1. Give me the dipole magnitude in Debye, nearest 20, for the protein assembly as shown about the Cα centre, with unit charges on the beta carbon: positive for Lys and Arg, negative for Asp and Glu.
2. Lys and Arg at +1, Asp and Glu at -1: add these up for the other residues within a Cβ distance under 12 Å of A:Pro99 and post the number.
3. Just add up the charged neighbours of B:Val208: K/R +1, D/E -1, any other residue whose Cβ is under 13 Å from the Cβ of B:Val208.
4. If you place +1 on the Cβ of every Lys and Arg, -1 on the Cβ of every Asp and Glu, and leave all else neutral, what size is the dipole of segment B:2-263 about its Cα centre, to the nearest 20 Debye?
5. If packing is taken as the average number of other Cβ atoms within 10 Å across a peptide's residues, how do A:363-373, A:50-60 rank, most packed first?
6. Which one of B:Leu257, B:Ser288, B:Leu228 has its Cα pushed farthest toward the positive end of the charge dipole of segment B:204-358, where Lys and Arg give +1 and Asp and Glu give -1 at the Cβ?
7. Which whole number gives the average count of other chain Cβ atoms within 10 Å of the Cβ atoms across peptide A:102-111?
8. So what is the 222 nm mean residue ellipticity for chain B from helices alone, if each DSSP H run of at least 4 adds -39500 (n - 2.57) and you divide by all residues, rounding to the nearest 500 deg cm²/dmol?
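Rule-based calculations on the coordinates, nothing more; no lab input. Note that the structure is a prediction, hence the values are computed from the model and not measured. Neighbour counts run over all protein chains shown; Cβ positions are idealised from the backbone, glycine included.
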2 protein chains.
Amino acid sequence: MFEIDGGICAVEGVEASGVKEEGSGLALIRARGLCTGMFTKNRFMAPPLIVCKEKLGKTGGKFSGIVISSGNANSYTGSEGIEDAREMARFAAECMGIPEDETLVSSTGIIGRRLDMKLIKRQIEKVAQTLEHGKEGAHRAAEAILTTDREKKEVAVEVGEGKNRVVVGGMAKGAGMVYPNMATMLAFIFTDAPLSPSTLKECLKQSVDKSFHMLTIDGDMSTNDMVLLTTVSNRREDIPQVKENFTKGLEYVCVELAKMMAKGAEGATTLITVEVRGASSLEDARKSARTIANSTLLKTAVYGRDPNWGRIVAALGYSGARASPDTLSIAIADVWVVKSGEIQNFDYEELKKKMDCDEVKITVDLGCGKYSAVAWGCDLSEEYVRINSEFST
Amino acid sequence: MFEIDGGICAVEGVEASGVKEEGSGLALIRARGLCTGMFTKNRFMAPPLIVCKEKLGKTGGKFSGIVISSGNANSYTGSEGIEDAREMARFAAECMGIPEDETLVSSTGIIGRRLDMKLIKRQIEKVAQTLEHGKEGAHRAAEAILTTDREKKEVAVEVGEGKNRVVVGGMAKGAGMVYPNMATMLAFIFTDAPLSPSTLKECLKQSVDKSFHMLTIDGDMSTNDMVLLTTVSNRREDIPQVKENFTKGLEYVCVELAKMMAKGAEGATTLITVEVRGASSLEDARKSARTIANSTLLKTAVYGRDPNWGRIVAALGYSGARASPDTLSIAIADVWVVKSGEIQNFDYEELKKKMDCDEVKITVDLGCGKYSAVAWGCDLSEEYVRINSEFST
C-alpha cells in the first residue's frame, strides 16, 4: 500500500471542484456509483442528512453526485430547511446533468439559520463549470468544505496489484464540535473496488469504528456529521483479495483523515495519540482510550508540556473500563512513568522537552487482557477558547 | 430558613481549625456524631477514601473528627498510601484526644505522590492547638482545604423554630477536575438534627443528586471526591417536621456549595445555570441539563458573551434525552431565542450585553413532559487553560 496524489479524484471517474469565498464555500462531486453512509447520532439530525438518508433508502444507494456547502449547517431549520436541502440538490443535479434522486447534499457551519439559497445557487452554477477529473479539482473541493479548519484534509492510497489493485481516496473537514459518534465532520470517500452493498456497508462501519469514532476534539457531537463511501465500480462481486486490499486502504484513509482532523483542530498545537493495550475487552480498550484522549485536564497538561500522568490515571478510573492500579503501566512520549503499578523515576525536564513536539503519544497498558485500541485527540490551548468564544451565531 | 454565620461551626459542638501554607494546607474538625458519606465512583479511589469507608463500615458511622490535607491527593499511592492515610488519622486522633477508629481522613491535590508525613504531622500538631467552636475556626478550616480555589466555600442555615429548629452548616473545596459523580470536590456538612442513620443517608443522596451531581466544571471526575454528612445530635428519632426542615436546609447548603464551586472554578468568569423544564422524565431533565452545562462549545460561547443557541441545540441533541425540535424553547439570560421550535427575532447586541455579567441563565423547555432539573457550570476561558497547563505533577 502506498499513498498517491489526487485525493478523491485519484479514483477513476470521480470529478470534483469547489469554490471558497469569505465565510462560505461550495463543492461539487460527480461520479456514478454505489454509496453507503453513516450519519450523526445527534437527535437533532440536520435537514441535509435527512434528505440524504431518504434518497439512499429510495434508490438503494445509487450515487451520481453531491453538493456540499460550508458556512451554514442548515441545521435546526425545520421543514423549510428540508425544502432548502432538496432544492439545493435538485439545482446541483440540473447543473451537473445527473438524476436528482441520485444527488446528495451536505452542509456544515452555523446552526439555526436558513441557507442563503441565492448565494448557493450562484456558487453551484460557477463550480459546475469547473468540474474535472484531476487533483486540482479535488483540491478545490477539499478546500471549499472547510470552516475553521486550518488545512485541507485529503488522502488517497493504492493497494495491491494487477486485477486486485484498489484505489481509495477521501477528503474531510472537521475542526471543532468533534466527538465520537461522530463529530462536526464530513468525510467523502471513493473507491474503485468492486464490492457488494453489504460489504461496502460493513467495511465502512468497521473502519469508522477504528478511526472517526476514536477521534475526540472537544466532546461536542454535531448535528451534521456524515461519512459517505462510494464505489465507482459497477461490478458487485466480493473477490477476497480485493476486499482485503480495500479494507486495508479504507482503514488507512479513515485513520489518516481522523488524524488530520485532530492535528488541525481549532487551536491545537499537538496531536495526542492514546494507545491502550492489555484491556480485557475491545470495548474497554476503546472507551478507555477515548476517555483519556477526551480529558480536558490531560489536554491542557499536554499543551503545557507537563507529563501529568495523574490525570491519565483519573481519566482511566472514570472511563468505566476494567483496570487495576497494580497492573497499570503508562508511558508518555515513550517514557514509562508507571510500570506495573510502580511509579518510575524519570527525568522530568527531559520528558518535558520530549513532549514539546507536534505529536505526543500516550501508551497505557492495563495488564489485564489482550485487547488494544488507539484514539486521537489534541491539546487544549488558549487559542481554542479564543476561536470558539468569537465564532458566532 | 435563613443563612447564618459560622460555616460548619454554626452547628453546636463542632470545633474546627486549619492552616494554609505555600502549596499545602491542613484542617481538623472535631465533633461527636453520626456520619454518612458518599464517595467518588472513580475506579482508582484514593487511599483516604478507602480508609474512611472502612472505618465508617466498622463503627456504623461513628464520627469524632477528621483530618483533611490539601496539596497532595494521596492518590495512586498503593498500600503505602493506605498506611499513610491510616497514620495521618491516627496521629490526628492522638492530637485531638479522640478515638482513632472514629477519626476520618481526606486529601486533595496532586495524584501519584507519597504524602510528606513530616509536614503533615507538624501541621496537625499546630492546628490541634487552635481548634475552636467559632466562626474563625471554621474559616481557617475552609481556607486550609483549598487548592486552586479562589475563595473559601462555606455556608450555614437555620430552618424552623423551637424544638423543630435545625441548623445545617457546610464547607467545601472544588475548582477543577469537577464532573458529576462527583468532582475533585470535598464537602463536609454538619447538622444538629436528630435523625436515624437511614434518613441521614437517604437525605444526603437526594441532596447530592440535586446539587453536586448537577455540577460540571471540566468533565473530569477525580479519584478523591467525597461528601460527608454528620449529625451531632445523639437522638435517633425522625420527627417529620424536623426531617422536613433538615431536608430543606441540607438541600440549600449543598446547592449553595455547588454554585460556589462553579462560580469559583478555575479561570471561570461566569456561573452558568441551566434549567431544563418540560422533560418527559426526571432522568431526561437531569441529563440534558448536565450535558448542556458541560458543553465545551457553550462554555466558550458564554465566555465570549455570544448567544450561540445552536450549540445548546447540538448538546441537547446528543444528551440522549427525549426532545423534539418542534416543541423546543430556549432562553438565554431570560430572552427567548427559540419558542416552540420557532426562531425568535431578538436584539443580538442587547442580549450580548445582558450576558456580560457573573451569572448567565440558560432555560430550556423541552415541551414534552412535566419534569425539570437545574445544573450548574461555568464558562471556559483562556485562564482555565493557563492554570491547568501549569499545574504540575
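1. Charge dipole, the protein assembly as shown, about its Cα centre: 1500 debye, nearest 20.
2. With Lys, Arg at +1 and Asp, Glu at -1, the neighbours total +2.
3. +1
4. Using only the charged Cβ atoms, the result is roughly 360 debye.
5. Values: A:363-373: 19.0, A:50-60: 15.9.
Top of the packing list down: A:363-373, A:50-60.
6. Farthest towards the positive pole: B:Leu228.
7. 1
8. So the helix-based figure for chain B works out to -11000 deg cm²/dmol.
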